[in-house]
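Here is the structure we will look at, set down as structure tokens.
Only the coordinates and a few stated rules stand behind these numbers; no lab work does. Remember, it's a predicted structure, so these values are computed and weren't measured experimentally. For neighbour counting, all protein chains shown are included, and Cβ atoms are generated from backbone atoms with ideal geometry for every residue, glycine included.
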Amino acid sequence: MTDKASTSRGQGKSKDDDDENDAIEDSDTLNLVRSRRRGDVFAEQYNPEVEDAEETDLPNYPKSPEEKEKLRQAISNIFLFRDVTEEQMERVLQSMEKKKVKAGDVIIQQGASGDYFYVIESGSYEFVVTDSVGKSKEVSTLEHEGSFGELALMYNQPRAATVTALTDGELWAMSRQTFRTILLSSAYKKRKQYEEFLSKVEILDVLTPYERSNLCDALETQTYGDKAVIFREGDEAHGMYLVEKGQVRISSSKESNLALLNAGDYFGELALITKRPRAATATAVGKTYVAFLNLGAFERLLGPCMEVLKKHIDAYKGK
Ligand SMILES: Nc1ncnc2c1ncn2[C@@H]1O[C@@H]2COP(=O)(O)O[C@H]2[C@H]1O
């Protein structure tokens, strides 16, 4: 058992945590911890569905109105924050602490226990995953926006990647406690809601589990009654859709029945790829639930599926 596992689902602090905090407080930069951290796999998994987050006093780091606004901006595009209420947002803004980082700082070490979730204010960050035979692979980089470090806090698992600052920069750090109290329950529910459904969507097979989790955060379910129009031919396009439940008919001015889509099918991607108006009309058949992915998220998250999506476009041309 690791220290963390023996402190019962992360509610107490381990020696490693204290070391980590010391490192941060000592320097005001994240010159974090390499060899001291351990890569054990936790025996116990946290399950937010059966254990409510504790409501305790959260830290309060005073900020100027300008700083608060900058932080609000930095989190405005992060899907994990989308469902927080205005009151919760105030608590988030109060409780996040600014950290300066230097190029080369290891902010998160794969295998370590997790104490902070980070939002990027500035700087570039590299993500490297090392597999069980010790082979390392750079899986992504983030520049000047985005967030990381949610997995270990959400699932009570060791850090899944090593995150290194490639440039000097600034991060906003949210403690495990704040993350659990404010973000965990809605974020976890959202991922759970969509994970099973997305595993059945064929075009998404190329996504890694991590990419799929990010997609869960970005989706929004919309409900349409029988014969309700989802979009019309000629409309400007703002996103694509996955059919969750029910059916969707695709028709155009020339052809009344181009396709009848079922659960697991997708539509609305063509206009996003060609950057043209909608080429057809989409109408619900019976009560229908669709998962909507907005344009920004489509561009950010579905890159790995683009080849398959484009191949599919060729099939439309035959119609
Ligand atoms: N391919 C990836 N696999 C796992 N984690 C990733 C990946 N890319 C980025 N990350 C982030 O790297 C973080 C490392 O710490 P966590 O495991 O807490 O959360 C992880 C994610 O936020």
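Worth a mention:
- Sites residue 232 and residue 274, calculated FRET efficiency, Cβ-Cβ separation with R0 25 Å, nearest 0.05: 0.90
- Cut-off under 5 Å, modelled amide H: who pairs with residue 237 long-range: 278
- For region 115-181, the set of trypsin sites (Lys or Arg not before Pro) satisfying both a DSSP loop assignment and a count of at most 15 other C-beta atoms within 10 Å is given as 135.
- Reducing region 115-133 and region 256-275 to their Cα centroids gives an inter-centroid distance of 35 Å.
- Each label point was placed 7 Å from the Cα along the Cα-to-Cβ direction; for residue 285 and residue 83 their separation is 3.1 nm.
- Region 267-319: chymotrypsin sites (Phe, Trp or Tyr not before Pro) falling in loop per DSSP and having at most 12 other Cβ within 10 Å: none
- Between the beta carbons of residue 193 and residue 260, assuming R0 = 35 Å, the FRET efficiency works out to 0.85 to the nearest 0.05.
- Spatial offset of region 276-319 relative to region 185-220 amounts to 17 Å, using the alpha carbon center of each.
- Total lysine pairs in region 168-264 at Cα distances under 21 Å, for residues eight or more apart or on different chains: 9.
- Simple rule: put +1 on each Lys or Arg Cβ and -1 on each Asp or Glu Cβ in region 198-283, find the dipole, and look at 256, 280, 210; the Cα lying farthest toward the positive end is 256.
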